[in-house]
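The block underneath contains the structure these notes are about, expressed in C-alpha cells.
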Amino acid sequence: MDNYLRGIKLREAVPPTSYLADIPAIRYLASVPQLSFHKPVTFLVGENGTGKSTILEAIAIAMGFNAEGGSWDFTFSTTPTHSELHEYITTIKTVRPKDGFFLRAESFYNAASYLENTSTLQRYGGVSFHKQSHGESFLSLIAYRFGGEGLYLLDEPEAALSPQRLMSLIVAIDDLVERDSQFIIATHSPILMAYPNSEILQFSDFGIQKVAYQDTENYQITKQFLNKPEQMIRYLLKK
C-alpha cells in the first residue's frame, strides 16, 4: 500500500514572533524540503516540548479532522487551544483514505461527550464511553470505529492503557495495517513503538531524525530502570 500521507512540508515560514518558531521540530521543518513518512506506521517520539503533538495536531487539522479529535464529521469545539501551524504546512497526499480518525488522549472526554449528544453512538459499539474505563473506551473506539483503509492519527494513546492493553493495541494496529491503513502516532511508550513494520522519528533539541528502536531514549531509559530499579531509585532520590 502506498501511504495516504507521504509527508508534510512548510509552505511558508512561521513568523519569528510566534512561539512556534522556537520549537526545534519547526525549525527543522524549515531547513529540509519535507518530512516524509515511508512506513504504514510512523512513531513520533522524544521529550516533552520538542513538538511531537504540535506537528501531529497540525497534520490532523490540515487533513480535515476536528482539532479536539474525532473524524471528519466531528464539529464540536470547547476551548480552542490548537496552534496555527496547520496554516503553514502542506500535506503531501496520494489518494484520499476511505476512513480516518484523530484520537488525542487529552481531549477524548470532549469527543466522548459529543457522541453522547448525537445519534451516531451505535457506530461506536452502542455503549457510552463515559460508562467504560478510559482504557476500555479507547480500545472500543478502535475496535468498532476504525474500519480499515484509513488514516489514523493517535496522540499519546498509552495515557489510558495498561501494558497489557498496549499489547492489545499493537494487535489492533497490525490488523488495520493489513487492511491498508496508515498510522502516525505520537508516543512515549517503548512497548508501542516496538511494532515492527514502522519508522521511528525522534524529536529533540537538534530537530527530527530517524532512529532504530533500541536507540530511542524511551527504550534506553526504561531498560536501565528495569535492569536496576533499586539503584536507579537510590540515584534519583540521592539515598
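The values are calculated or read from the model by the stated rules, or taken from the named source; none is laboratory data. Since the model is a prediction, treat every value here as computed from it, not as a measurement. Glycine gets a Cβ as well: all are built from the backbone with ideal geometry, and neighbour counts include every protein chain shown.
I'm trying to understand the selection: among the residues of segment 25-74, which are touching a strand residue (DSSP E or B) at 6+ places or on another chain (Cβ under 7 Å), among the hydroxyl-bearing types (Ser, Thr, Tyr) and assigned to a helix (DSSP H, G or I)?
Tyr28, Ser53
Please work out which one of (1) charged (D, E, K, R); (2) under 18 Å from the mean Cα position of the chain (by Cα); (3) modelled with pLDDT under 90 is the condition Glu57 fails and give its number.
Failed condition: (3).
Quick check on this structure: which one of Gln209, Gln224 is surrounded by fewer than 21 Cβ atoms within 10 Å (Cβ to Cβ) and part of a strand (DSSP E or B)? Talk me through it step by step, then tell me what you get.
Values: Gln224 fails: part of a strand (DSSP E or B).
Only one candidate passes the filter, namely Gln209.
Being outside any helix (DSSP H, G or I) and either hydrophobic (A, V, I, L, M, F, W, C) or touching a Gly at 6+ places or on another chain (Cβ under 9 Å) (or both) is the requirement here; does Leu20 meet it?
Values: outside any helix (DSSP H, G or I): no; either hydrophobic (A, V, I, L, M, F, W, C) or touching a Gly at 6+ places or on another chain (Cβ under 9 Å) (or both): yes.
Spelling it out, it is not the case that Leu20 is outside any helix (DSSP H, G or I) and either hydrophobic (A, V, I, L, M, F, W, C) or touching a Gly at 6+ places or on another chain (Cβ under 9 Å) (or both).
Rundown of residues vs (1) in contact with an Asp or Glu (Cβ under 6 Å, 6 or more places away or on another chain); (2) of a type outside the set (D, E, K, R); (3) more than 23 Å from Leu226 (Cα to Cα); (4) part of a loop (DSSP other than H, G, I, E, B), yes/no style:
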{"residue": "Ile142", "(1), (2), (3), (4)": "no, yes, yes, no"}
{"residue": "Leu151", "(1), (2), (3), (4)": "no, yes, yes, no"}
{"residue": "Leu154", "(1), (2), (3), (4)": "no, yes, yes, no"}
{"residue": "Gln164", "(1), (2), (3), (4)": "no, yes, no, no"}
{"residue": "Asp174", "(1), (2), (3), (4)": "no, no, yes, no"}
{"residue": "Asp180", "(1), (2), (3), (4)": "yes, no, yes, yes"}
{"residue": "Ile185", "(1), (2), (3), (4)": "no, yes, yes, no"}
{"residue": "Pro190", "(1), (2), (3), (4)": "no, yes, no, yes"}
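Only one of (1) at pLDDT 95 or above; (2) in contact with a strand residue (DSSP E or B) (Cβ under 8 Å, 6 or more places away or on another chain); (3) surrounded by fewer than 20 Cβ atoms within 10 Å (Cβ to Cβ) fails for Ser204. Which number is that?
With respect to (1) at pLDDT 95 or above; (2) in contact with a strand residue (DSSP E or B) (Cβ under 8 Å, 6 or more places away or on another chain); (3) surrounded by fewer than 20 Cβ atoms within 10 Å (Cβ to Cβ), Ser204 is out only on (1).
Could you tell me which of the residues Thr50, Thr54, Thr42, Thr90 is among the hydroxyl-bearing types (Ser, Thr, Tyr) and surrounded by fewer than 17 Cβ atoms within 10 Å (Cβ to Cβ)? Walk me through how you get there before you give the answer.
Values: Thr50 fails: surrounded by fewer than 17 Cβ atoms within 10 Å (Cβ to Cβ); Thr54 fails: surrounded by fewer than 17 Cβ atoms within 10 Å (Cβ to Cβ); Thr42 fails: surrounded by fewer than 17 Cβ atoms within 10 Å (Cβ to Cβ).
That would be Thr90, the only listed residue that is among the hydroxyl-bearing types (Ser, Thr, Tyr) and surrounded by fewer than 17 Cβ atoms within 10 Å (Cβ to Cβ).
So which residues in segment 214-239 are among the hydroxyl-bearing types (Ser, Thr, Tyr) and either in contact (Cβ under 8 Å) with a residue 60 or more places away in the chain or farther than 17 Å from Glu47 by Cβ (or both)?
Thr216, Tyr235
Does Glu199 satisfy the criteria of being of a type in the set (D, E, K, R), at pLDDT 90 or above and in contact with a Ser or Thr (Cβ under 8 Å, 6 or more places away or on another chain)? Before you say what the answer is, go through the steps one by one.
Numbers: of a type in the set (D, E, K, R): yes; at pLDDT 90 or above: yes; in contact with a Ser or Thr (Cβ under 8 Å, 6 or more places away or on another chain): yes.
In short, yes.
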